[in-house]
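Heads up, the thing below is written out as structure tokens.
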Amino acid sequence: MDDETPLLFPLPEPSPEPSAAGPSWPDLDEPMVRELFELGVAARALEPWQKLEEDDWFGIEDPDDGSIVVVMTMGSGEMFSAVQVYRPPEGIRFVNAIEQTGEVDEDIARFQIRMVECEFVNKAELPPWDEQRYKRFDLKAGRKRKSWPAFGQREPLKAPWAPDPEGAELLALALRLLPRFIEAFPSLPQEVYEACDAEGTLLIPLYRLRPGGDRRTPGDWQLTSGPLPKAPPMAIEPDEVFDARMAKLEPRKGTRWQVGSIALPEPVLDESGIPVFARAALAIDERDPEVPKPDFEMPGISDDALLRRCFGRLAEEKGYLPEQLIALGELTASLFKNCPAMRGVEVVSPEEVSDNMVFLEGLFSDLTGAMDGGESAAPDFEAALDSLENCDPDDAAQMLEMLRSLGGSSSIVSALEQALEGKAGATLPGAKPVGGLGSKGTANRAVDLYRPPQSRKRYQLRIDLMHTKPPIWRRITIPTDASFFDLHVAIQEAMGWQDSHLHAFEFRRGGALTHTVEWPRETPDFGPPIERLHELTTPLESLLRGGRSKFHYIYDWGDHWEHQIKVEAVIDHPKAGGLPELLKGKGACPPEDCGGIDGYYRLLEAPVEDIEWMEPEELESLRSATFEPDTVRFSEVRDLLD
């Protein structure tokens, strides 16, 4: 290209600054909040997971435009879960993928979905919008496990958030029809849920509003059947300007580029105070020694426009097109294969490349995996760091440059960055030694960061296992400069837990969760972004100053053992530092994996013959157990980390 031709694709302007006002969620009036709550409580009482399987769907047809939403009951048997309503087109595309393959791409499940849901949770797990509304309107659910309805909404490239009025109305309609569907389900004709045409389209139960009927009256909806709706494929808008500019360039023999995009797994607040997932796109020439700066966009620009922008900028800077282009993802491949100006470029998928040099794919995978953590954060994060053992130093240097350009402040990102620095070694000027916040047992990073307590001051803490009668509790002392990880170990050993599940310390204000202290794990699916502190490097005194007297410790996200911790006093101790001390306690610790509080009291109170999974002698031992203070031994935390 001649020097006078202006770049069509300049470097993007900085994205708008995130909201400084904090998270904001849609306002629902009191009648809608009360109705949703009552419908959710009624659905919980029905226990739909006992009567329906996850693929026992039903549809609701909109009488205005004929569009169909699909209602699913998630969970089966003893599993408590949710009622979900999938909305077109993205939600229906998700349902189609499940129906056709039984699986769905993770990128679609997390970032390209449209649905509203009622999830059944414990009170402590309520998202802040529901917690505040229930408190404001004095709404109370039962004391059974997972008895509180929590309402959420998913939109493409947005984090789980509070339903807007339209989503709340749709969810209320689904919950009104759910009891009717459960009642009618046993008598549905056999051909329902079977292929109804040559293409294998499923026939599903479908509610249609009778002529002149009232949307809010369940009896006005007639149960019929109809084909499962099909969502149109993701559309790619043509761009004549892009095509014309690329048509001026010729492929250069022997060159290969890679192009792709990802949604960053950690949401940020947009200008409206709503958490959204930004996207990053990157086009690279494999021969370039440095990874270029990626393109970023908040939701609003299409993914194909973002991909065109980063590819077009690289092409105009080089003055030619590649001979071969590795396109990551179906949308990316379709975009460039169908571009008229790319007819001379061989567009291939990573699976078609035989030399195993799809650097961009591995970079995206490692980056998002390390930032996100997966379902069990510590093992996934450990694997991500361990995978660097075989990483070439030059590749490590490129990955590090990419990570730095993406930014991010989480401790997981910090750990990966520092691990890459150590692996890259002399490749990077001024590289620092490895010292990140890795997971326990990962190259001794944790033990290197650990600082034993030194203070002569101690907190006297009372730890109560909530919802137990008679109370199960412990009273301990621990140095004020001990870390929250020290306290975690002390609670496990004082109570009698086995430290075999995830945990977190939670701090709340006005009933709303404000921040947690924990080992890095996946960001929860429900709720706004909150501050997450690393328990190994956060001393107790940094958060317990200024009169704060209560906080909570959650152990095992399945059984959800919630402990309330109260600071009773700050006392002097003759020795500096040292191990925690047990002062007193009552009540034997429940067994692990027994189903939480409800499951524990079922073991204690149900007839022996009803507890078939436990030997009578074992059950009797459990019921007669008492707390034995003399058996408590506190460990040296450094030994656990080493």
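Computed from the C-beta positions of A244 and S334, the FRET efficiency with R₀ = 22 Å rounds to 0.65. A 1.4 Å probe over all protein chains sorts I597, I571, I565 by accessible area into I571, I597, I565, starting with the largest.
Around G91, under 9 Å between beta carbons, what's the net of Lys plus Arg minus Asp minus Glu among the other residues? My count for the surroundings of G91 gives +3. With 0.36 nm allotted per residue and the present C-alpha distance subtracted, the K586-Y320 stretch has 88.2 nm of extension available. Using a probe of 1.4 Å, the accessible surface attributed to T255 totals some 0 Å² when neighbouring protein chains are kept in position. Averaged over residues, the count of other Cβ atoms within 10 Å places the peptides 446-459, 86-99, 574-587 in the sequence 86-99, 446-459, 574-587, highest first. Accessible surface computed residue by residue for the range 120-186, with neighbouring protein chains in place and a 1.4 Å probe, gives 41 Å² per residue.
If you take all other residues with their beta carbon under 9 Å from the beta carbon of W497, and give Lys and Arg +1 and Asp and Glu -1, the sum is -4. Accessible surface comparison of R176, R136, R34, probe 1.4 Å, protein chains only, largest first: the order is R136, R34, R176. A simple count of charges around R133, restricted to other residues whose Cβ falls under 11 Å of its Cβ and scoring Lys, Arg +1 and Asp, Glu -1, yields -3.
Of D499, D288, D486, the order by accessible heavy-atom surface (1.4 Å probe, DNA, RNA and ligands excluded), from most exposed downward, is D499, D288, D486.
The values are calculated or read from the model by the stated rules, or taken from the named source; none is laboratory data. Treat the numbers as computed from the prediction; the structure is a model and nothing was measured. Cβ sites come from the backbone with ideal geometry, for glycine too, and all protein chains shown count toward neighbours. Each accessible area value is taken on the protein alone, full model and side chains, heavy atoms only, with ligands, DNA and RNA left out. Shrake-Rupley method; radii C 1.70, N 1.55, O 1.52, S 1.80 Å.
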